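Student: Have a look at this one.
All of the numbers you see were taken from the coordinates with simple rules; none came from a lab. Please read all numbers here as calculations on a predicted model, not as lab measurements. No Cβ is skipped: glycine too gets one built from the backbone with ideal geometry, and neighbour counts run over all protein chains shown.
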Amino acid sequence: MDHTQALENLTDVFRTVFDQPNLVLHDAMTAADVENWDSLNHIDLIVAVEKKFKIKFTTREVTGLKIVGDLAELTAKKVTATP
């Protein structure tokens, strides 16, 4: 999986978690750009991403995420590394 594919697949997760069916993700997007993206929804988002892609993030990885592009890149890397 590459970065672009990860971003496309993450869009479905974001739309579900934030209940925004028309949400369009872009790499530079942050929590401030998405209505209702608070700390609680952030946890829900991370759990939903882990479930969808069958991967696990470490606490260090999650705290290092600053923009949606970081999440897409990390997701792509983990999916590719998963046997």
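Student: Among the candidates Val68, Val47, Val79, single out the residue that is of a type in the set (A, V, I, L, M, F, W, C) and in contact with a Ser or Thr (Cβ under 8 Å, 6 or more places away or on another chain).
Tutor: Val68
Student: Pick from region 42-75 the residues that are farther than 17 Å from Ala31 by Cα and of a type in the set (Lys, Arg): which of them is surrounded by the most Cβ atoms within 10 Å (Cβ to Cβ)?
Tutor: Looking at the filtered set, the residue picked out is Lys52.
Student: Please identify the pairs in which a residue from region 18-38 that is of a type in the set (Gly, Ala, Ser) has its Cβ atom under 7 Å from the Cβ atom of a residue that is surrounded by 14 or more Cβ atoms within 10 Å (Cβ to Cβ) and in a loop (DSSP other than H, G, I, E, B), counting only partners at least 6 apart or on another chain.
Tutor: Cβ pairs passing all conditions: Ala28/Ile67; Ala31/Trp37.
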